[in-house]
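First comes the structure, then the notes that go with it.
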Amino acid sequence: MDEQQFFKKLNSLCTSKEIFDFLSSLEVMSDTMASGALQRISEVEVDDNGLKNPEGVLENEVFRALCFQFEFESSKLSNTGLLHALQALIKLRIDPGSTLMASLLSESKERLDKGQLTVKNLCALGESLLELEGPGCAMLEQILNHVQEKDIEKWSPREMVMVYKMLQVPAREGEQFQDLLDRLNSVALNVVSQLSPTFTSLMLNSLVGLHQTRAVPLVTALCKHSVKHIAQFTGDELVNVLEAFLYFGHREEIFTEALETHVPKSIFTMHPQTVSKIMQYCCQRMILSKPIFDAAAEGFISDADTFTADQIAGYILPFGTLNYQPPSASSLFRKLETVLHSRFTHFQPRTLLNLLHSCVLIQRYPVNFLPKIFSPYFLQQLQAQPPGLDRIVTSQLTQLFLTATLECPFYEGPKLLPKYQVKAFLMPRSSLDVHLLKKVKTGLLYLLKKRIYFATEVSTPYFYTVDIEIKLDEEGFVLPAAHCEEVQKRIALCVDGRNRFCVNSHNLLGEQAIKQRHLQLLGYEVVQIPFFEIESLQNCRKMAEYLHKKIFSHT
């Protein structure tokens with residue numbers, strides 16, 4: 001039988017028994033056919049848990065005969081036969097210390113030393129060694145030295161991906177193969193359009209591992225190309241792609257649109273880790289995608305009992321951060337409460353605090369859990385978990401306490417002791433836009449005539465900083481900002497730049513929504529000055545007219 005017919009027949013067989021019966025019927029076969037048969041056996045008999053039927057494979061006479069021949073005739077094998085057999089036997093979990101494996105590895109090393117291996121062979125050997133010995137394998141450097149001498153222009157996508165993978169090994173010294181990496185990045189750019197979903201994901205994953213922040217054209221091309229494969233990526237491949245988008249700070253609108261089509265259709269079959277990573281991507285890039293968030297909520301309601309603690313946090317935190325309640329919010333948070341009750345001790349203290357803090361941002365009050373959060377035991381646990389009671393943790397604790405005080409008057413449990421409270425909240429995502437502030441200050445000066453009538457970035461006794469504060473007396477006249485007596489009303493102007501909203505949206509972030517809510521409850525008249533209302537105002541007179549209508553609408 002010629003090789004083409006052989007492989008066509010071999011690939012149609014689905015069990016090791018069928019393969020062994022087929023091999024028994026042949027009188028003669030080449031070493032590439034024999035190694036191909038071993039590879040096919042490894043494909044059908046190995047899953048995530050290892051070899052499905054060890055006895056049926058390893059004790060089979062045909063299998064033993066093949067191994068015998070590979071062991072004692074290794075020097076007569078073709079490069080392809082030798083390296084494919086090595087790959088298959090590693091996958092079949094053959095003992096690395098056996099005489100069979102020693103013979104194949106020794107022959108491979110000899111041919112490597114003599115420079116007899118093509119790029120394809122070198123990549124196959126590198127893949128085998130990574131699988132067998134891990135990153136510490138001494139021969140990898142020798143393989144890469146040979147690879148450097150080859151013409152990259154002639155490499156297949158598989159070979160490029162494999163070289164990236166070998167370069168990624170921590171043992172490689174930074175600059176030693178930089179020239180190879182730069183050439184590879186340049187040539188890879190020309191083949192991006194031909195890459196399969198698997199190779200696209202692997203290449204992006206390698207570029208992250210190699211910190212290739214300078215390879216912007218290649219990263220951009222791969223990110224754009226990945227849009228075509230959203231539905232074809234496996235869960236792990238999609239996670240790799242999302243991690244690359246996050247690492248390189250890339251955002252592609254058509255990528256989000258593709259996710260919005262794919263996620264709602266596939267939510268009940270997707271791995272929770274994949275959905276969690278999609279939610280993390282949306283959260284970090286501040287993308288409020290209602291189709292994705294609504295689907296994630298449905299998936300959580302259905303399957304949260306099987307999620308890990310970190311996956312639960314991955315699903316829920318973005319709802320608070322981006323200030324969004326899905327149509328199924330009641331069921332979603334009821335499910336969350338049920339899961340927390342049954343698995344409270346499964347959560348790391350910091351994960352639990354992040355979860356509950358996220359809930360209060362969108363007015364979902366975890367009153368039943370606050371006594372545990374404010375207990376000395378839990379606070380000690382928080383302190384013991386690195387980085388301990390840092391500013392972020394104490395800000396979250398203080399905001400939970402303030403929420404309980406202002407929005408849950410029926411809460412009668414333990415309070416947060418003053419030593420755990422911050423003087424001012426951290427607003428990590430939404431600092432004050434100084435250019436927008438300057439524009440508003442210029443308009444206010446035109447309107448109020450003197451700078452003494454308003455103050456900027458005012459610290460309050462309630463942990464929040466007010467962007468601009470104006471004080472009025474009981475007749476509605478503006479008082480100097482330094483005036484402390486006869487103050488009847490305080491107006492808090494919230495100068496909200498783009499960074500305080502979700503991307504391409506007028507939806508305020510959770511940390512700003514709770515701030516404005518709390519300032520109102522504390523007696524301030526809150527006036528929002530969003531960027532999208534004032535960016536088009538060209539001069540200070542128009543700005544002053546806008547502020548007059550906004551702040552003093554009845555005057």
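Some notes on this structure:
- Selection among Leu122, Leu522, Ser431 by position relative to the dipole of the chain gives Leu522 as farthest towards the positive end (Cβ unit charges, Cα centre).
- The listed residues Cys502, Cys14, once ranked by accessible area (1.4 Å probe) with the largest placed first, stand as Cys14, Cys502.
- Stokes-Einstein, applied to the Kirkwood radius of segment 271-355 over Cα pairs at a viscosity of 1.306 mPa s and 10 °C, places its translational diffusion at 125 µm² s⁻¹.
- Residues of type lysines that Lys449 reaches as a straight line, Cα spacing below 30 Å, ignoring anything fewer than 8 places off in the same chain: Lys438, Lys439, Lys441, Lys471, Lys489, Lys515, Lys542, Lys549, Lys550
- Accessible surface, per residue, of the chain when the full set of protein chains is kept, probe 1.4 Å, Å²: 48 Å²
- Surface composition of the chain: carbon plus sulfur atoms hold 50% of the accessible area, using a 1.4 angstrom probe and ignoring ligands, DNA and RNA.
- Projecting the Cα atoms of Gln176, Leu361, His483 onto the charge dipole of the chain (Cβ charges, centred on the Cα centre) puts His483 farthest toward the positive pole.
- The solvent-accessible area of Arg541, taken with every protein chain present and a 1.4 Å probe, is close to 110 Å².
- Alpha-carbon centroids, segment 333-399 and segment 518-538: separation in whole Å: 31 Å
- With DNA, RNA and ligands ignored, accessible area of His506 (1.4 Å probe; Å², nearest 10): 120 Å²
- Checked against a 31 Å cut-off, the cross-linked pairs Lys372/Lys423; Lys52/Lys335; Lys335/Lys419; Lys17/Lys114 give Cα-Cα distances beyond that limit for Lys52/Lys335; Lys335/Lys419; Lys17/Lys114.
- Over segment 1-145, all Cα pairs binned in 5 Å intervals from 0 give whole-percent P(r) values of 2, 9, 20, 23, 20, 15, 8, 3, 0, listed from short to long.
- Residue-level accessible surface for Ile392, protein heavy atoms, 1.4 Å, Å²: 80 Å²
- When every Cα-Cα distance of segment 434-552 is counted in 10 angstrom steps from zero, the calculated P(r) takes the values 13, 46, 34, 7, 0 percent.
- Rg/Rh, computed from the Cα trace of segment 91-212 with Rh as the Kirkwood radius, has the value 0.97.
- Cα pair distances in segment 14-61, grouped into 5 Å bins until the bin that holds the longest one, percent each: 5, 20, 31, 26, 12, 4, 1
- Segment 337-416: proportion of alpha-carbon pairs further apart than 20 angstrom, %: 25 percent
- Three principal axis lengths of segment 220-297 [C-alpha, angstrom, descending]: 30, 25, 19
- Cα-based shape type of the chain, given that a ≥ b ≥ c are square roots of the gyration tensor eigenvalues and the cut on a/c is 1.5: prolate
- Segment 195-236: trypsin sites (Lys or Arg not before Pro) in DSSP loop, at most 11 other beta carbons within 10 Å: Arg214
- Loop-resident sites, segment 423-465, for trypsin sites (Lys or Arg not before Pro), counting at most 11 other Cβ within 10 Å (DSSP): Lys423, Lys449, Lys450
- Taking chymotrypsin sites (Phe, Trp or Tyr not before Pro) as exposed when their DSSP state is a loop state and no more than 13 other Cβ atoms lie within 10 Å, the longest site-free interval of the chain runs over 1-267.
- Note on the chain: antiparallel DSSP beta bridges, both residues inside, total approximately 70 percent of the bridges counted.
- Exposure rank, largest accessible area first [Glu61, Glu253, Glu107, Glu298; 1.4 Å]: Glu61, Glu253, Glu298, Glu107
- Part-to-part distance (alpha-carbon centres) for segment 404-434 and segment 232-292, which is given in Å: 32 Å
- Taking Val339, Val478 and ordering them by how much accessible surface each has at a 1.4 Å probe, largest first, produces Val478, Val339.
The values are calculated or read from the model by the stated rules, or taken from the named source; none is laboratory data. As the structure is a computational prediction, the values presented were derived from the model and not from experiment. Note: ideal-geometry Cβ built from the backbone for every residue, glycine included; neighbour counts use all protein chains shown. Accessible surface areas use protein heavy atoms only, side chains included; no ligands, DNA or RNA. Shrake-Rupley method; radii C 1.70, N 1.55, O 1.52, S 1.80 Å.
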